[in-house]
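Presented below is the structure to which this report refers.
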Amino acid sequence: MMGGEALVGTEFIRQATPQDIDALVDIYIECFPERVSEVFGGPDRRVFIRDYLLVYLALDPPSNWVYVRDSAVVAFIMVPCHYSLWKVMLSRAQLFRCVGHFLKGEYGIPLHLAKRFFSGGFAFTSDPAIKRLQGKPYIHLIAVKATDGKERSRGLLGIGRQLLRWVISEHRKKGIHFCWALVQPTGSRFIPIWKRMGFKMCPISHGACLALLGDPDEDLHLSKSC
């Protein structure tokens with residue numbers, strides 16, 4: 001195992017690698033069907049989704065983890081701490097790969113993404129609370145495959161919670177005591193779990209919430225509703 005530890009029997013957590021990408025794409029499509037349709041144009045845009053996840057895998061490789069059961073990746077979490085998106089795009093030929101796939105029509109014509117980018121930057125949001133947090137450790141994705149392929153993914157229940165606890169523990173070993181996540185309205189059912197794990201919930205725009213663990217720097221002033 002690479003940077004991981006056995007949990008029960010053949011189940012363990014290890015660092016994610018680019019070789020896991022196909023499994024990650026499958027899990028992402030299963031867990032976020034609305035986002036796949038809204039952002040990428042549908043599950044048939046696998047190359048688009050693949051490039052997106054590869055970029056995030058490269059942002060901060062030691063902060064990406066997968067949960068393995070019976071030799072298969074069934075869940076993953078991405079929590080970048082030290083990252084520069086421009087630096088990543090200019091390394092490992094990522095920019096050339098993305099541009100090449102775009103020119104070949106693999107991305108379709110994502111005019112909606114261009115609009116969101118110009119209004120909100122790489123975070124795709126103009127919300128000032130989120131913009132102030134950019135650059136700080138954040139929980140970008142937690143995705144857990146449904147057990148039988150029929151039931152809805154349990155997300156932060158079970159495996160998802162184990163992954164989150166694992167990452168928080170690993171970060172604290174490195175002296176990192178703050179992280180944040182954006183909880184969309186579709187994930188509101190997990191808010192009690194975020195709270196039980198010590199996160200402070202702060203309502204922001206469009207029914208979303210910020211989940212904050214620890215204390216951001218003193219210069220960060222969030223909404224008084226926190």
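Just a few scattered comments:
- Neighbourhood net charge (12 Å Cβ-Cβ; Lys/Arg +1, Asp/Glu -1) for F40: -1
- Taking 26 Å as the limit for the C-alpha separation, the pairs K174/K200; K145/K173; K104/K131; K131/K195 exceed it in the case of K145/K173; K104/K131.
- 13 Å beta-carbon shell around V79, net charge (K/R +1, D/E -1): +2
FYI, it's all coordinate maths here, none of it is from the lab. Since the model is a prediction, treat every value here as computed from it, not as a measurement. Ideal geometry is used to build each Cβ from the backbone, glycine not excepted, and the neighbour counts take in all protein chains shown.
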